[in-house]
1. Give me the pairs, please: first residue somewhere in region 413-439 and not assigned by TED's automatic domain parsing to the domain that holds residue 365, second residue anywhere and surrounded by fewer than 17 Cβ atoms within 10 Å (Cβ to Cβ) and modelled with pLDDT of 95 or more, beta-carbon distance under 8 Å, and either six or more positions apart or on two chains.
2. Within region 131-141, take every residue that is within 6 Å of the ligand (Cβ to nearest atom) and in contact with a helix residue (DSSP H, G or I) (Cβ under 7 Å, 6 or more places away or on another chain) and give me the one that is modelled with the lowest pLDDT.
3. Please find, among 328, 364, the residue that is surrounded by 15 or more Cβ atoms within 10 Å (Cβ to Cβ) and modelled with pLDDT of 95 or more.
4. Is it the case that residue 397 is surrounded by fewer than 17 Cβ atoms within 10 Å (Cβ to Cβ) and either within 22 Å of the chain's Cα centre (by Cα) or at pLDDT 95 or above (or both)?
5. Of 459, 464, which residue is within 14 Å of the ligand (Cβ to nearest atom), touching a helix residue (DSSP H, G or I) at 6+ places or on another chain (Cβ under 8 Å) and at pLDDT 95 or above?
6. Do we find that residue 145 is outside any helix (DSSP H, G or I) and not assigned by TED's automatic domain parsing to the domain that holds residue 390 in this structure?
7. Scan 382, 408 and give me the residue that is in contact with a strand residue (DSSP E or B) (Cβ under 6 Å, 6 or more places away or on another chain), under 19 Å from residue 150 (Cα atoms), outside the structural domain of residue 81 (by TED's automatic domain parsing) and touching a residue at least 12 places away in the same chain (Cβ under 8 Å).
8. Scan region 72-86 residue by residue and report those that are near the ligand (Cβ under 8 Å from one of its atoms), within 15 Å of residue 470 (Cβ to Cβ) and in contact with a strand residue (DSSP E or B) (Cβ under 8 Å, 6 or more places away or on another chain).
Ligand SMILES: Cc1cc2nc3c(=O)[nH]c(=O)nc-3n(C[C@H](O)[C@H](O)[C@H](O)COP(=O)(O)OP(=O)(O)OC[C@H]3O[C@@H](n4cnc5c(N)ncnc54)[C@H](O)[C@@H]3O)c2cc1C
């Protein structure tokens, strides 16, 4: 009997029929990544239902030399959860690890890797609490995937990315050892912080099975503002002003150029422009109150905006009159990606530079790329407060849908060269996966890459955890 057959028989007897399938119809939807760029093959798909089952399975894989591709909601943007084309790897779905315990007194939740972000939001809301991280893929993204990609979103400005919201972690290492550090200690100086090593490691160092997450009080009130400014430099000045004026209450500060707004208005016929006049750049600001004093939030924001006008920091602004209008403002922001897709092909980048350099960076890269690839349009939008924008290079009008496949790599290499010269990162949110692996090894700091490779070799010497991803 071949080793593969023995492995599958042993795995099947340990996990049972729900825990292991070779049914092509069941596996097929999970073999292509969210953006439809990568498709692979898998030996089988395992769906264990407990940490103990994950540990047993990983030990079995180690014994038989079977590579493992961990997968949560498959909403990642860089092909990290897609196996390669050899069909040698086991696709390990963590979606059945979906238990959730909420401790409202301690303001924390401990959830299995498979808990979906939206479910987490809904369940903690019933306790008057919230998990302050949200993103467009929340209906699919799981705790395990969010941890493993150190996901961000629109509230990083105030609460940080996943890394700062994780109090404890449980993971299965490549030899089947269970690393259990779920107990949330505020202070703990017993050497290396191993959970931080696993966060953002994209399934290459361990399989995340559970995490303890920090919760904050539910929002008691919020004010959502739409402002028009003449330039990205002006948006940055307005950000500094709002940080001073609103302090901790400033939760979101998103920017978009007029081109993005018009693309969304064309795409969503029911959407209305929040301001009447023409502005080169638009800013979406969210200010929140967690508890008492909520009644004064609107007054505080009105004073803040009046002050900003007085100092010439914005051209025009409006406060959403109610929650429906606030949601309509956010819908414009959240519809940029689909609106751009509807406009035509584009090459997309998710990059960061030091916050204070972002306006100059965008002013420098935009004409450089548009000159080198005539007819293209560079659009930058997103989280200015985090020094992170989505930088899309839109194809010349009438370009073939396959345009990104032809020039995409060359354009991206040029963008990443620029980002590196400016001291930035080629991945601010989505991670490296298989999409940017080559670029990371081309442009990454050699010392950092060497350390990462040594850590990988120490924890996974046989290279069985998500091979071909990240490093
Ligand atoms: C519309 C949309 C908007 C998005 N917006 C944002 C955004 O604003 N910010 C942002 O950061 N991301 C964003 N994303 C990307 C994506 O949602 C995140 O990367 C998310 O963290 C992926 O979670 P997942 O469960 O789907 O992971 P998957 O896609 O299944 O996997 C992602 C990576 O994590 C690994 N992995 C998954 N589960 C585990 C586990 N339990 N143990 C070890 N490794 C594991 C996989 O191998 C893979 O490398 C967006 C995605 C979509 C579709």
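1. 439/413
2. Here is the first cut: in region 131-141, the residues within 6 Å of the ligand (Cβ to nearest atom) are 135-137, 140-141.
Add one more test, that the residue is in contact with a helix residue (DSSP H, G or I) (Cβ under 7 Å, 6 or more places away or on another chain), and what stays is 136, 141.
On the way: 136: 87, 141: 98.
Top of the filtered list is 136.
3. Details: 364 fails: surrounded by 15 or more Cβ atoms within 10 Å (Cβ to Cβ).
Going through 328, 364 in turn, just one is surrounded by 15 or more Cβ atoms within 10 Å (Cβ to Cβ) and modelled with pLDDT of 95 or more: 328.
4. Values: surrounded by fewer than 17 Cβ atoms within 10 Å (Cβ to Cβ): yes; either within 22 Å of the chain's Cα centre (by Cα) or at pLDDT 95 or above (or both): no.
It is false that residue 397 is surrounded by fewer than 17 Cβ atoms within 10 Å (Cβ to Cβ) and either within 22 Å of the chain's Cα centre (by Cα) or at pLDDT 95 or above (or both).
5. On the way: 459 fails: touching a helix residue (DSSP H, G or I) at 6+ places or on another chain (Cβ under 8 Å).
The match here is 464.
6. Values: outside any helix (DSSP H, G or I): no; not assigned by TED's automatic domain parsing to the domain that holds residue 390: yes.
Answer is no for this residue.
7. Numbers: 408 fails: under 19 Å from residue 150 (Cα atoms).
Selected residue: 382, the only one of 382, 408 that is in contact with a strand residue (DSSP E or B) (Cβ under 6 Å, 6 or more places away or on another chain), under 19 Å from residue 150 (Cα atoms), outside the structural domain of residue 81 (by TED's automatic domain parsing) and touching a residue at least 12 places away in the same chain (Cβ under 8 Å).
8. 77, 81, listed by residue number.
The values are calculated or read from the model by the stated rules, or taken from the named source; none is laboratory data. This one's a predicted model, so the numbers in the text were calculated from it and none came from an experiment. A quick note on method: Cβ atoms are made from the backbone with ideal geometry, for glycine too, and the neighbour counts reach across all protein chains shown.
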